[in-house]
Amino acid sequence: MNSINSQPRAVIIAVGSEILQGKIIDTNSAAISTFLSRRGIHVVKHVSSPDVRPILDEAIAGAAALADLVLLCGGLGPTQDDITLEAAARFLNRPLDFDETMWQNICERMRRYGREIPDSNRKQALLPRGGTFIPNPRGTAPGVIMESAGKLFVLLPGPPRETLPLLEEALDPLIRKHFSLTPLVEEIYRLYNTGESRVQEILTGLNLQGDLGIYFKKEGWIELHFAFPRKEEVQAVLSALNQEGILATEDRAISLLVKELLAARGWTLGFAESLTGGNLTAEMVQNPGASLVLKGGITAYTDQVKRDILKVSHKTLETWGAVSEETAAEMAEGAKRLLGCSTAVAVSGIAGPEGGSEEIPVGTVCFAFILPGNLLITRKKNFGGDRGQVIRRTIMYAYTKLYRLLKES
C-alpha cells in the first residue's frame, strides 16, 4: 500500500553498462532511497542506464519530468564511456568549463598516491556552468550539483565507498536547504499468522497520508514498513489490526520477545517437541541470554519416547492418538516435571508429505501451553505448505501464542 503525497519527489539513475550486464549489483540506489525516505523525500523511481548517450538522455529527461530531485550515480570517471556529466549538462543546456582549482586538487591526490597523471583525467575537472562541485576526498571524481527551474540535479561517483559518505557530508545539508522537509516516522512491525491480502483488506479506508509497505518474509511473517508524517497514523494502523485479532510486534524476533517477558517475571521455559525435532528449543537458543529462562527441550518423535520419557499414558495415545490436544497436554506436563520449568510448550503433528489421513490430514498440529498456576491451554491447527513450511509455521504459532498468553497473564 503506497500513497504519494506532497513530499518532494526523487528519481535515482544508476549509470553503468556493467549494472545491466549483471557484472555488478547496484547497491547505491537502495542506500540512497533509505537516506532520502528518512528525510521526507519520496523516491518515485529507480532507473538503470547503460553508458549509451541516447538512452541516458532519455532517462534524464524522464526523471526530470517526474521529480524535484534527480540523482545520478556513476559515469563520472575519466574514460570515454563515462558520459554522465556531459549528458546532464546537455539536458540543462549548460556549457562545460574547465576548473583549474579542481584540476590541481585531482593532480595533488594522484601525486600523493604515486600515480601518473593521464591527460584524460582533465575531464573530471569540467564543471557545467552555474554548477557546484561536491568534493570527493575518497576518489578523483567530484560530484556536481546543478539547479534548474526549482529542480535539483545531483551527480555522484559510482563506487559505494565514495558515494555513501557523500550522502551525509554533502547531500543532507543540500536537500535540507533546498526543500521544506517533514521528517517521517519510520518504523517496522511484524505481523504473524496472517496474509498480505487480509492486512490490505483491514487497512482499506483508513485514508493514510504516508507510505506503508506490506511485505511477506520467507521466515513466516508479514512486515509493515511505515513512513508516516505523524505517529498517530502508525497507532491507527496497529489499532485496526489489533481489533481484528492480528498480532503486531516490534521488529525483533518473537522468541526474543518471549524470552524478555519470561525473564521479567522470573519464569523458566521448557519444550516437548515431536514434528519440530528440537527447532522450537533451537529458536530460543539463538537469543543472547537464553540461559536466563530456558531449562531445555525434549524431542519425543516416537510414541515410545512420549510414553517412556514424557510419561504420556498408553490410554491417551490409544484413545486420542499422538496428534491430539490430549497427548500434547500430557507432553507439556511431562516436560514441566522433567525439566523443572514454570512454563512448558508441547507440539505434536504431521509435517508430511506422508502420514496424514482423512481424519487427521497432513499439516495438523496440536499445541499445549502450561503457565504458572498450572494454567493449561491447548489448540489444534492445520497449516498448509510443504514439510518445511509446516514446521516453520508450527514454530511461529507456538511462539506467537505463548507471547499472547504471557502478555495477558
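The values are calculated or read from the model by the stated rules, or taken from the named source; none is laboratory data. Not measured: the values here are computed from a predicted model. Note that each Cβ is placed from the backbone with ideal geometry, even for glycine, and that neighbours are counted across all protein chains shown.
Descriptive notes on the structure:
- Failed condition for Arg109, given (1) touching a helix residue (DSSP H, G or I) at 6+ places or on another chain (Cβ under 7 Å); (2) surrounded by 16 or more Cβ atoms within 10 Å (Cβ to Cβ); (3) not small (Gly, Ala, Ser): (1)
- Failed criterion for Leu76 (all others in (1) touching a Cys at 6+ places or on another chain (Cβ under 8 Å); (2) more than 30 Å from Leu203 (Cβ to Cβ); (3) outside any strand (DSSP E or B) hold): (1)
- Taking the criterion of being outside any strand (DSSP E or B) and under 13 Å from Gly278 (Cα atoms), the residues of segment 290-314 that qualify are Ala300, Tyr301.
- Those residues of segment 346-400 which are on the phi > 0 side of the Ramachandran plot and surrounded by fewer than 19 Cβ atoms within 10 Å (Cβ to Cβ), in sequence order: Gly355, Gly373, Asn374, Gly385
A quick yes/no check of all residues on (1) within 31 Å of the chain's Cα centre (by Cα); (2) hydrophobic (A, V, I, L, M, F, W, C); (3) at pLDDT below 95:
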| residue | (1), (2), (3) |
| --- | --- |
| Val52 | no, yes, no |
| Ile55 | no, yes, no |
| Ala61 | no, yes, no |
| Val70 | yes, yes, no |
| Glu86 | no, no, no |
| Asn93 | no, no, no |
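- Test: residue in segment 373-381 that is modelled with pLDDT of 95 or more and among the small types (Gly, Ala, Ser): no
- Residues considered: Leu275, Leu224, Leu262, Leu280. Of these, the only one that is in the same structural domain as Met396 (by TED's automatic domain parsing), surrounded by 20 or more Cβ atoms within 10 Å (Cβ to Cβ) and not in a helix (DSSP H, G or I) is Leu275.
- Qualifying residue in segment 68-91 (condition: in contact with a strand residue (DSSP E or B) (Cβ under 7 Å, 6 or more places away or on another chain), crowded, with 16+ Cβ neighbours inside 10 Å and farther than 14 Å from Val144 by Cα): yes
- Selection of helices (runs of 4 or more DSSP H) fully inside segment 110-218 by the criterion of at least 1 residues being outside the structural domain of Gln235 (by TED's automatic domain parsing) returns 160-166, 172-178.
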